[in-house]
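Colleague: Dropping a structure here in structure tokens format, bear with me for questions.
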Amino acid sequence: MSSPPTDFARIELFCELVDEYDDLADAFPMAEPSLQLVPFSHAPAPDRWARVVRAMALRKFAIGKRDEVYVPKVLDSATNCLTDPTLAANVDSYRDGFRGLGLAIRTVEGEGVETTAPEIIEDLIYGGLLHGDYDRHERMKVRPNMTHDLSLWQFTGDVEHFIRELRGTIRRSIEQGILTGSRIAG
């Protein structure tokens, strides 16, 4: 995987990939715009697979720490592209918001270990859908469907809203000359 040549190229890449994500999301509509679950149901939510596909595509923004468009890297690049360094506090507010994504739903598993929606999504994705991690797959097998569905609902909703808002802010900031830079290094 190659890195963008400049910080500005990274924030442009982020915006373009959020656009692509929106195209993908249109191809995988969700049956239920809000959480519609039957407590303790053994059947998955009707829109589970649409949310799974969306979660896999959102991974690069919210979970993939080595990915070039992982939100904290994008925010670092945005800070480096600011024409007025005193505006860095605005970027920091996005950092705070990012740290809270998907944390409202927590489950206690095993020996009192608290697990968050992003951790459950990582298990789902890496336990069998994108990779074959044995331990993650075993954890997925013992969780009830409702745990997966709640996590998918919260993770996809939170991350989608966040990246779309960040994309809009970045594009407006570029238009207003608040963020500047070049696609080409040096």
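Colleague: For a quick check, take a GNM of the chain with Cα springs below 10 Å and name the residue from SER93, SER151, SER77 with the largest mean-square fluctuation.
Modeller: Of SER93, SER151, SER77, the most mobile in the Gaussian network model is SER93.
Colleague: For segment 1-150, list log₁₀ I(q)/I(0) at each q in 0.11, 0.14, 0.15, 0.19 Å⁻¹, using the Debye formula over Cα point scatterers of equal strength and ignoring solvent, two decimals each.
Modeller: For segment 1-150, the Cα-only Debye profile gives -0.53, -0.81, -0.91, -1.26.
Colleague: Rounding to the nearest 10 and keeping the result within 0 to 90°, find how far the Cα-based axis of helix 71-81 lies from the longest principal axis of the chain.
Modeller: In the chain, helix 71-81 runs at an angle near 10 degrees to the longest axis.
Colleague: Quick one: angle between helix 145-175 and the longest Cα principal axis of the chain, in degrees between 0 and 90, rounded to 10, please.
Modeller: Helix 145-175 and the main axis of the chain meet at about 10 degrees.
Colleague: Obtain the radius of gyration and the Kirkwood radius of segment 138-186 from its C-alpha atoms and give Rg over Rh. Write out the running numbers ahead of the final one.
Modeller: Working: Rg = 18.7 Å, Rh = 14.0 Å.
That ratio equals 1.34.
Colleague: Just subtract the alpha-carbon distance of ALA88 and LYS141 from 0.36 nm times their residue separation and send over the number in nm, one decimal.
Modeller: Details: separation 53, 0.36 × 53 = 19.08 nm, distance 4.36 nm.
The span from ALA88 to LYS141 would gain 14.7 nm if fully extended.
Colleague: Might you tell me the accessible area per residue for segment 36-186, computed with a 1.4 Å probe and given in Å²?
Modeller: Result: 54 Å² of accessible area for each residue.
Colleague: Let me ask another. Say we join alpha carbon atoms closer than 10 Å with springs in a Gaussian network model of the chain; which of GLY97, GLY157, GLY64 then has the biggest fluctuation?
Modeller: Comparing GLY97, GLY157, GLY64 in a Gaussian network model of the chain, the most mobile one is GLY97.
Colleague: First select every other residue whose beta carbon is under 12 angstrom from the beta carbon of THR116; then total the charges, Lys and Arg +1, Asp and Glu -1.
Modeller: Spelling it out: positives minus negatives among the neighbours equals -4.
Colleague: Right, here's the next one. Of the residues ALA62, ALA89, ALA25, which exhibits the maximal mean-square fluctuation in a Gaussian network model of the chain defined by a 10 Å Cα contact cut-off?
Modeller: ALA89
Colleague: If you average the C-alpha positions of segment 47-93 and of segment 116-186 separately, how far apart do those two centres end up, in angstrom?
Modeller: Here the answer is 9 Å between Cα centres.
Colleague: Using a 1.4 Å probe and counting only protein heavy atoms, arrange PHE8, PHE28, PHE61 so the residue with the most accessible area comes first.
Modeller: PHE28, PHE8, PHE61
Colleague: Next question, about the same structure. With 10 Å bins from zero, work out the P(r) of segment 95-137 over every alpha carbon pair and list the percent per bin.
Modeller: 28, 43, 28, 2
Colleague: Carbon and sulfur together cover what percent of the accessible area of the chain at a 1.4 Å probe radius?
Modeller: 54 percent
Colleague: Another question about this same structure. Rounded, prolate or oblate: which fits segment 60-142, taking a ≥ b ≥ c as square roots of the Cα gyration tensor eigenvalues, rounded meaning a/c under 1.5, else prolate when a/b beats b/c? List each step's numbers first, then the result.
Modeller: Details: a/c = 4.85, a/b = 2.05, b/c = 2.37.
Cα axes put segment 60-142 in the oblate bin.
Colleague: Which value, in debye to the nearest 20, describes the size of the charge dipole of the chain about its Cα centre when Lys and Arg Cβ atoms bear +1, Asp and Glu Cβ atoms bear -1, and nothing else is charged?
Modeller: Details: 21 positive and 30 negative charges, 23 e Å.
Around 120 debye, computed over the chain.
The values are calculated or read from the model by the stated rules, or taken from the named source; none is laboratory data. The shown structure was predicted, so the numbers you read here are calculated from the model rather than taken from an experiment. Every residue, glycine among them, receives a Cβ derived from its backbone with ideal geometry; neighbour counts consider all protein chains shown. In case anyone asks, the SASA skips ligands and DNA or RNA and just uses the protein heavy atoms, side chains included. Shrake-Rupley method; radii C 1.70, N 1.55, O 1.52, S 1.80 Å.
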